[in-house]
Amino acid sequence: MDELTEDHTETLSQLQELEAESIHVMREVAAEFERPVLLFSGGKDSIVLLRLAEKAFRPAPFPFPVMHVDTGHNFPEVLDFRDRRVAELGERLIVASVQESIDRGRALEDGPSRNRLQTVTLLDAIAEHRFDAAFGGARRDEERARAKERIFSFRDAHGQWDPRAQRPELWNLYNGAVRRGEHARVFPISNWTELDVWRYIGAEGLELPSIYYAHEREVFERDGMLYAVSDYVERTPGEPAFTERVRYRTVGDMTITGAVRSDATTTDEVIVETLATRLSERGATRADDRTSEAAMEDRKREGYF
């Protein structure tokens, strides 16, 4: 066969295709929006976002700052990792504090969990810095409300989301037009699964906070979930503390984030466990998503991540 007509097409792997799509989304946002921001919690999904941003924009600095909405009830291992990782990248970190929102009377603390209070803090920070797009690490496989969202998910002038008023996204074309006061939440890894994320972490050799791997921790059991013993949660007499070997599939407010029993101390071992699970990480370990069938959608309508 003539060398010029011989087919030399190379097929991308699934991870390469997902990576390419995500990088395309990030570059589209940088081109279409004036003041984007990347939401970074120190969790595995936002750590993947940081690596994708590196691949999209290096050797230049990111064309946006990094922002964490801090409930004040976060795992200390995650906060330490957050500060160190952003410093290593040499990027700007904005910390939007729920405690400051409470102190200023913008949010009312009505229980041990501050998860819902993050909405006010996030929307205030978006307004203060005039952000018109916010990257998030949400994925469609996490929860049914998130499965409804487009990659470009628009919020009105009040920060609210209407699932019935979303724009079509055909052929990887995204409409980034927003009116003054509106903004978009953009989810570059929307089409990834938890397994994809872990395989990418392994392929890229990404470092994660230590709590993502099996370790011994003092916990107590409530409603079938294992919570870390901390100053933020008051245990009842029927909730004794005990030491268990656990890891976390997702990180967030310590008051609503549960651990799973595990012996997985490496990324490969976590991948094996993930292959065997039948519950998403939010469904298995996030108490705030168990309050009702529409708990996440209700929060998202109000402006939640």
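The values are calculated or read from the model by the stated rules, or taken from the named source; none is laboratory data. Everything numeric in this text was worked out from a predicted model, so none of it was measured. Cβ: placed from backbone, ideal geometry, glycine included. Neighbour counts: every protein chain shown.
Looking at (1) surrounded by fewer than 18 Cβ atoms within 10 Å (Cβ to Cβ); (2) part of a helix (DSSP H, G or I); (3) in contact (Cβ under 8 Å) with a residue 40 or more places away in the chain, which is the one condition that is false for residue 162?
(2)
Would you mind telling me which numbered condition in (1) assigned to a loop (DSSP other than H, G, I, E, B); (2) modelled with pLDDT of 95 or more; (3) of a type in the set (S, T, N, Q) residue 243 fails?
(1)
Of the residues 151, 201, 211, only one is more than 20 Å from residue 69 (Cβ to Cβ) and modelled with pLDDT of 95 or more; which?
Values: 151 fails: modelled with pLDDT of 95 or more; 211 fails: more than 20 Å from residue 69 (Cβ to Cβ).
Checking each option against the conditions leaves just 201.
From the list 92, 104, pick out the single residue that is of a type outside the set (Phe, Trp, Tyr), without any contact (Cβ under 8 Å) to a residue 12 or more places away in the chain and within 25 Å of residue 181 (Cα to Cα).
None of the others qualify; the one that does is 104.
Name every residue in the range 246-258 that is farther than 16 Å from residue 194 by Cβ and either out of contact with any Asp or Glu (no Cβ under 7 Å at 6 or more places or on another chain) or loosely packed, with under 15 Cβ neighbours inside 10 Å (or both), in order of residue number.
Passing the criteria: 246, 253, 254, 255.
Taking only the range 47-60 into account, find how many residues are of a type outside the set (A, V, I, L, M) and out of contact with any helix residue (DSSP H, G or I) (no Cβ under 9 Å at 6 or more places or on another chain).
2
Does residue 160 meet the test of being of a type outside the set (Phe, Trp, Tyr), in the same structural domain as residue 132 (by TED's automatic domain parsing), at pLDDT below 85 and under 22 Å from residue 118 (Cβ atoms)?
yes
If you check residue 226 against the conditions, is it over 25 Å from residue 66 (Cβ atoms), part of a loop (DSSP other than H, G, I, E, B) and without any contact (Cβ under 8 Å) to a residue 60 or more places away in the chain?
no
Can you name the number of the only condition in (1) more than 19 Å from the chain's Cα centre (by Cα); (2) polar (S, T, N, Q); (3) not in a helix (DSSP H, G or I) that residue 190 fails?
Among (1) more than 19 Å from the chain's Cα centre (by Cα); (2) polar (S, T, N, Q); (3) not in a helix (DSSP H, G or I), the lone unmet condition for residue 190 is (1).
Scanning the range 40-70 for residues that are part of a loop (DSSP other than H, G, I, E, B) and not small (Gly, Ala, Ser), which turns out surrounded by the most Cβ atoms within 10 Å (Cβ to Cβ)?
Checking each candidate, the answer is 40.
What number goes with the only condition from (1) assigned to a strand (DSSP E or B); (2) assigned by TED's automatic domain parsing to the domain that holds residue 141 that residue 221 does not pass?
(2) is the only condition that residue 221 fails.
Only one of these conditions is not met by residue 199: (1) within 24 Å of residue 260 (Cα to Cα); (2) exposed (fewer than 15 other Cβ atoms within 10 Å of the Cβ); (3) not acidic (Asp, Glu). Which number is it?
Only one criterion is unmet by residue 199, namely (2).
Conditions (1) in the same structural domain as residue 170 (by TED's automatic domain parsing); (2) of a type in the set (Lys, Arg); (3) over 22 Å from residue 123 (Cα atoms); (4) under 20 Å from the mean Cα position of the chain (by Cα), marked per residue:
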| position | (1), (2), (3), (4) |
| --- | --- |
| 22 | yes, no, yes, yes |
| 32 | yes, no, no, no |
| 39 | yes, no, no, yes |
| 43 | yes, no, no, yes |
| 63 | yes, no, no, yes |
| 67 | yes, no, no, yes |
| 78 | yes, no, yes, yes |
| 86 | yes, no, yes, yes |
| 98 | yes, no, no, yes |
